[in-house]
Amino acid sequence: MMSDDSEKPVADPKPDTKSSPPPKPDTKSSPPPKPDTKSSPPPKPASKKPEEKPIELPAFEKGISDKLVEKFGDKVEVGFVKKDRVRINISKENIHKVAEFVRDALNYDHVESVTGVDFPTDKEIEVVYHVGSYTDSSLARQILVLATRAPREENPIPGQDSTRLPSIRDVFYSAEFGEREVFEMLGVYFEGHPDNRRLLLPEDWADLPPLRKDFAIKGR
Amino acid sequence: MTAELPPGLALQKADERIMTLNVGPQHPGSGHMRIVVQIDGDYIVACDPDPGYVHRGEEKMAEYRNYITNIPHLERPVIHDSCNILYPYVLGAEEILGIEVPERAKYVRVIASELNRCIYTMYWLAIYGIFLGHSTMFMWPAGDRELLIDLMEKMTGARVTHAHFVPGGVRNDLPPNFEDTCLRQVNYFERRIKEYAAVFYDNPVLISRTRGTGVLSRQDAIRLGTTGSVLRASGIDYDLRVKEPYDVYDELDVHTNVMKEGDSYARSRVPWLDMMESCNIIRQALQKIPKSGSVRTKLKPNPKTKGPATVYKRVESGRGSLGCYIVSDGKPEPYRVKMSVGSFRNLIALPYLLKGEKLGNMPSVYWSLNYWPVEADR
């Protein structure tokens, strides 16, 4: 049973990496929900950005993203650089390495929130870590957004299917409860997390993970 | 059965020496949650908090309503602190909808959120007092917070669940002569809470019960990612009103209260000091507030967004940093709303602090975390 599970993720990265390149051009202008971006709004920010770039990108935040790009090259992709906020999109193979680098070299020390976002049309679930720092006073205003994506299955069996990500709980202890919440709410199993039990949902919850988009509220 | 479960989901083995004790969810000492403690004699060897008994699915509900109609239900997790819990959502919605806020509204927001912080802290203090067996400390804060609730009632029309903040400002302007009434009541309130020192904070019984219990060191407070009064009681000078000022906090003089001990006593004292600081902020805001002007940029009933975007906004609430992550796909409803609340972040410290502690110290450690179960569950 367990050997089957551990084999699956090895097979999965291929479809995962194939499906991740398309979002890349879009994410530079920050919108994660791809399906709707194709209509009309995304070209505007995308066309605006190059004009603003030389003038408007805040220098300190640009420095943070440059350090990450310098270290990891094309393994990371800068989602956006705004005032006090830097977003980095990372494939799931590299999230652990990037988290270690962020902690050791960039002085970030805690995870503020772990968010799961379901994208059924991309067949992916995005997990977003908001990382902050208490020790480095120059980073007190800053939030580094680390986003990664896991493959999504139509009929999820939480903990048993291919919807898996490496846990960064051993890097940032503060991500522990956040990752547990994402596991129960979206069915993303975190490999290496010592305690993947339910947190908020009842023990006998047998429906879909409730924050997935195909779980609908009654009457809506 | 256990062999089929993936790692991390396995069941625990029983031990003859260790007794497992369920505290809650009906036990009043645990709030609306269950704390599973394993005790060896009188000492706690392991603790497993089990929240979720008041989980309402606020984040799921928010995906079905537009940015305006989300307001009344998103404040439900902490009805005593409803202005602060709406604050990051409203700031985020303003960025997504592209609205400017009038200057007067920003000051009204600051006054409302500071009043709410005091109202929440008084409620928490009342509960903290009664679970340490100090009945006076239950009666006094429960009575004195009425002063501020009356002010909020004058301001918003509701004693709790104000739904006062909206994208674009606040719902209503201040009533006539509010500034004078507010100043008088806040001054009285501050004099009154200073009296708590004699009966509670300098009380040798309280000090002997809470000094040195549940000590959270500076390094661990950072590593566990705690926030708010828990963090400041462990010697870290971090308050978002100073570090990342929102609205008009950068124009006000805000002092951060920090204590170095990191024990239950320090954690219970910091919110009390914060209340005096709140009175100070309210007085400054009442002086600087523009005497007239609009308090709300009017919106259409179903406002249009500026297009796909993600926003993460955070404010300092009564329980620490409160973040709101909004993903917008350009539709009138948010695609995803995530509330990163202080209670949920501080909960991670509970198993850590209770390990090795006496069972009798559990209430003082648990309530000193400034934890509100309904907010943690959302």
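We did not get these values from a lab; they are worked out from the coordinates using the rules stated. What you are looking at is a predicted structure, and each value in this text was computed from that prediction instead of being measured. For neighbour counting, all protein chains shown are included, and Cβ atoms are generated from backbone atoms with ideal geometry for every residue, glycine included.
Data for the structure
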{"item": "Point-to-point label distance, B:R159-A:K97, nm (Cα→Cβ direction, 7 Å offset)", "result": "6.0 nm"}
{"item": "In degrees, nearest ten, helix B:264-288 long axis to first principal axis of chain B (Cα)", "result": "10 degrees"}
{"item": "Label-point separation, A:D214 to B:K260 (7 Å along Cα→Cβ), nm", "result": "5.8 nm"}
{"item": "Square roots of five times the Cα gyration tensor eigenvalues for the range B:285-340, Å", "result": "27, 21, 8"}
{"item": "Mean separation of Cα contacts under 8 Å, 6 or more apart, over the residue count of the range B:58-377: relative contact order %", "result": "28 percent"}
{"item": "Relative contact order computed over the range A:82-140 (Cα-Cα under 8 Å; 6+ residues apart), in percent", "result": "28 percent"}
{"item": "Amide H partners (placed H, <5 Å) of B:S321, local residues excluded", "result": "B:G228"}
{"item": "Alpha-carbon Rg with Dmax, taken over the range B:68-153, Å", "result": "15.6, 51"}
{"item": "A:K62-B:E100 FRET efficiency (beta carbon distance; Förster radius 35 Å; 0.05 resolution)", "result": "0.85"}
{"item": "Sequence-distant residues sharing a close amide H with B:R336 (under 5 Å, placed H)", "result": "B:V327"}
{"item": "Point-to-point label distance, B:K331-B:Q219, nm (Cα→Cβ direction, 7 Å offset)", "result": "4.9 nm"}
{"item": "Convex hull volume per residue for the range B:241-378, taking Cα atoms only, in Å³", "result": "152 Å³"}
{"item": "Packing-based order for B:342-354, A:156-168, using average beta carbon neighbours within 10 Å, highest first", "result": "B:342-354, A:156-168"}
{"item": "Cross-link pairs A:K62/B:K260; A:K82/B:K338; A:K75/A:K218; A:K71/B:K243; A:K67/B:K60; A:K75/B:K355 - those with Cα-Cα distance over 31 Å", "result": "A:K62/B:K260; A:K75/A:K218; A:K67/B:K60; A:K75/B:K355"}
{"item": "Given charges at beta-carbon only (K, R positive; D, E negative), |dipole| of the range A:148-200 in Debye", "result": "40 debye"}
{"item": "Per-residue HN-Hα couplings for the range B:104-116 [Karplus 6.51, -1.76, 1.60; θ = phi - 60°; Hz; x = Gly/Pro]", "result": "5, 4, 5, 5, 4, 4, 4, 4, 5, 6, 6, 4, 5"}
{"item": "Values of log10 I(q)/I(0), in the order q = 0.08 Å⁻¹, for the protein assembly as shown under a Debye, Cα-only, solvent-free model", "result": "-0.55"}
{"item": "Shielding by partners - mean other protein chain Cβ count within 10 Å, residues of B:296-307", "result": "1"}
{"item": "Interatomic Cα distance distribution for the range B:173-280, bins of 10 angstrom, percent", "result": "14, 35, 33, 15, 4"}
{"item": "Table column - 3J(HN,Hα) (Hz), the range A:70-75, Karplus curve with 6.51, -1.76, 1.60, x for Gly and Pro", "result": "4, 6, 10, x, 8, 6"}
{"item": "Karplus-derived 3J(HN,Hα), 6.51/-1.76/1.60, for each residue of the range A:187-194, Hz, glycine and proline x", "result": "x, 8, 7, 9, 6, x, 7, x"}
{"item": "Debye, to nearest 20: dipole size of the protein assembly as shown, +1 on Lys, Arg Cβ, -1 on Asp, Glu Cβ", "result": "1560 debye"}
{"item": "Mean projected area in nm² (Cα convex hull; one quarter of hull surface) for the range A:119-220", "result": "8.0 nm²"}
{"item": "Neighbouring partner chain Cβ atoms per residue of B:35-43, average, 10 Å criterion", "result": "0"}
{"item": "Folded to 0 to 90 degrees: helix B:178-194 orientation relative to chain B principal axis, Cα", "result": "20 degrees"}
{"item": "Choice from B:E179, B:E251, B:E63 with maximal GNM fluctuation in chain B (Cα, 10 Å cutoff)", "result": "B:E251"}
{"item": "All-pairs alpha carbon distance profile, chain B, 20 Å steps from 0, percent", "result": "28, 56, 15, 1"}
{"item": "Peptide B:45-51, shielding by other chains (average Cβ, 10 Å cutoff)", "result": "2"}
{"item": "Between 0 and 90°, nearest 10: helix B:136-156 axis offset from chain B longest Cα axis", "result": "20 degrees"}
